[in-house]
1. Take segment 48-69 and flag every residue that is under 10 Å from residue 9 (Cα atoms) and not in a strand (DSSP E or B).
2. Identify, by number, the condition in (1) within 14 Å of residue 7 (Cα to Cα); (2) within 12 Å of the chain's Cα centre (by Cα) that residue 75 doesn't meet.
3. Name the residues in segment 71-101 that are assigned to a loop (DSSP other than H, G, I, E, B), without any contact (Cβ under 8 Å) to a residue 24 or more places away in the chain and surrounded by 14 or more Cβ atoms within 10 Å (Cβ to Cβ), would you?
4. Among the residues of segment 32-47, how many are assigned to a helix (DSSP H, G or I) and within 14 Å of the chain's Cα centre (by Cα)?
5. Checking residue 87 against (1) touching a helix residue (DSSP H, G or I) at 6+ places or on another chain (Cβ under 6 Å); (2) closer than 19 Å to residue 5 by Cβ, which single condition isn't satisfied?
C-alpha cells in the first residue's frame, strides 16, 4: 500500500462542481479528518474535472475506486463516518457510470 490508506479527491473545478459549492465539501472533509486525527492515513485533495459534469460535487476515494455524486456537506458527513472512518462505502450516494465522460448536456 502507498503512503496513505485512503486518498480522497473532491472535484472543485469544472463547469458544475464549483457552482454546487464543492469547496464547502472539500473544507468539511479536510477539517473533519484533521479533527479525527487521521491525516497521516487519509488524505483529501482538490481534483480537476472528473468528466462527470452535472452529477457533482464529485468525490472519489482510492484505493477502493469508489465514486460519489451530489456530495454536499451532509453527504460528506456520512462518507466520513461510514466509509472513511468505518470502511463501508455509502451505497445510496455511490456513483456508478460507464467508463469515460458522462456529462449531462446543458441546453
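1. 48, 50, 58
2. Result: residue 75 passes all but (1).
3. Scanning segment 71-101 gives a single hit, 90.
4. The total comes to 2.
5. Of everything listed in (1) touching a helix residue (DSSP H, G or I) at 6+ places or on another chain (Cβ under 6 Å); (2) closer than 19 Å to residue 5 by Cβ, residue 87 misses just condition (1).
Bear in mind these aren't lab numbers, they're just calculated from the coordinates by the rules spelled out. Quick caveat: nothing in here was measured; it's all calculated off a predicted structure. Every residue, glycine among them, receives a Cβ derived from its backbone with ideal geometry; neighbour counts consider all protein chains shown.
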